[in-house]
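Colleague: Before I ask anything, let me first share the structure, which is written out below as structure tokens.
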Amino acid sequence: MANYYCEYCGTKFRNVNSLTAANCFRHPYGGNKGKHKLYQGSEKDKYTCKHCGQSYRTLISLTAANCYRHPLGGNKGKHAPAL
Ligand SMILES: [Zn+2]
Ligand SMILES: [Zn+2]
């Protein structure tokens, strides 16, 4: 069975319906200011930030760390996974 991940926080869901129904604690507008967003890439051994190229083993650890090349400014936001 496929797993679905949130692009903002890396939380794993069993279906898209429950993913998009729940608030995301790492939403870019602020914690729980919006819903989880479906990560549309495939499951990988490692995930790369699309802004800075740093790699992480999980989406959870990638999205938990500040990005020094974030579009809003260095460390003004979290890493974001490339597809
Ligand atoms: Zn989320
Ligand atoms: Zn980054």
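Read-outs: derived from the displayed coordinates by stated rules, not from any lab. Nothing here was measured: the structure is a model prediction, and the numbers come from that model. All Cβ positions, glycine included, derive from the backbone under ideal geometry; neighbour counts span all protein chains shown.
Colleague: In a shell of Cβ-Cβ distance under 12 Å around ALA2, excluding ALA2 itself, what net charge do Lys and Arg (+1) and Asp and Glu (-1) give?
Modeller: Details: positive: LYS12, ARG14; negative: GLU43.
The answer is +1.
Colleague: What Rg and what Dmax come out for the chain when only alpha-carbon atoms are used, in angstroms?
Modeller: Answer for the chain, Rg first and Dmax second: 12.1, 38 Å.
Colleague: Based on the Cβ-Cβ distance of LEU72 and ASN32, what FRET efficiency does E = 1/(1 + (r/R0)^6) give at R0 = 22 Å, to the nearest 0.05? Don't skip to the end; give the middle numbers.
Modeller: Values: r = 19 Å, r/R0 = 0.89.
It comes out at approximately 0.65.
Colleague: Same structure, new question: By average Cβ neighbour count within 10 Å, what is the ranking of 19-26, 72-79, 4-11 from highest down?
Modeller: Details: 19-26: 15.9, 72-79: 14.1, 4-11: 20.8.
Going by the mean number of other Cβ atoms within 10 Å, highest first, we get 4-11, 19-26, 72-79.
Colleague: Now for a separate question. Gain in length, ALA82 to HIS51, computed as 0.36 nm per residue apart minus the alpha-carbon separation, to one decimal in nm?
Modeller: On the way: separation 31, 0.36 × 31 = 11.16 nm, distance 0.83 nm.
Extending this stretch completely gives an extra 10.3 nm.
Colleague: For the chain, compute the number of Lys pairs whose alpha carbons are separated by less than 16 Å, excluding pairs fewer than 8 positions apart on the same chain.
Modeller: Values: LYS12/LYS35; LYS12/LYS37; LYS12/LYS44; LYS12/LYS46; LYS33/LYS78; LYS37/LYS78; LYS50/LYS76; LYS50/LYS78.
Counting lysine pairs in the chain gives 8.
Colleague: Residues in region 1-36, backbone N under 17 Å from the label point at GLU43 (7 Å along the Cα-to-beta-carbon vector): list them, ranges by number please.
Modeller: Within reach of a label on GLU43: 1-7, 10-17, 19.
Colleague: What is the dipole size for the chain, taken about its Cα centre, with +1 at each Lys and Arg Cβ and -1 at each Asp and Glu Cβ, in debye to the nearest 20? Could the numbers behind the result be given before it?
Modeller: On the way: 13 positive and 3 negative charges, 29 e Å.
So the dipole magnitude of the chain works out to roughly 140 debye.
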